[in-house]
Amino acid sequence: LYRELISAADALTGGEPDAIANMANVAALMWEFIPELNWAGFYRALANEQGGELVLGPFAGRPACIRIPFGRGVCGA
């Protein structure tokens, strides 16, 4: 399953320089490939005055937190 997923992701993203577009396609692909998944997507690490945070990127699935400060919760840790 995962070899097929990687192959499909390579085919979708190969030659495309736009990171957001690639994240969107890979999130959709993971959502379709992996059974019983409730969320598939990306957070982008961005710097800010407090040191940084994760900011929600392209995803498929249930709603998610938009911003997660570094050091807070499971994802921010």
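One table, with the values for the structure above:
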| item | result |
| --- | --- |
| Leading residue by the ranking (nearest to the chain's Cα centre (by Cα)) among those in region 28-68 that are part of a strand (DSSP E or B) and among the aromatic types (Phe, Trp, Tyr) | PHE42 |
| Cβ-Cβ under 9 Å pairs, at least 6 apart or on other chains, region 11-24 side outside any loop (DSSP other than H, G, I, E, B) and surrounded by 13 or more Cβ atoms within 10 Å (Cβ to Cβ), far side among the charged types (D, E, K, R) and modelled with pLDDT of 95 or more | ALA19/ARG44; ASN22/GLU16; MET23/ARG44 |
| Top-ranked residue in region 37-68 [being surrounded by 14 or more Cβ atoms within 10 Å (Cβ to Cβ) and not hydrophobic (A, V, I, L, M, F, W, C); ranked as nearest to TYR2 (Cα to Cα)] | GLY41 |
| Residues satisfying the stated conditions in region 26-36, i.e. closer than 15 Å to PRO58 by Cβ and open to solvent by less than 70 Å² (accessible area, probe 1.4 Å) | VAL26, ALA27, ALA28, LEU29, MET30 |
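The values are calculated or read from the model by the stated rules, or taken from the named source; none is laboratory data. Computed from a predicted structure; not experimentally measured. We place every Cβ from the backbone using ideal geometry, glycine too, and count neighbours over all the protein chains shown. Heavy atoms of the whole protein, side chains included, go into the accessibility calculation; ligands, DNA and RNA do not. Shrake-Rupley method; radii C 1.70, N 1.55, O 1.52, S 1.80 Å.
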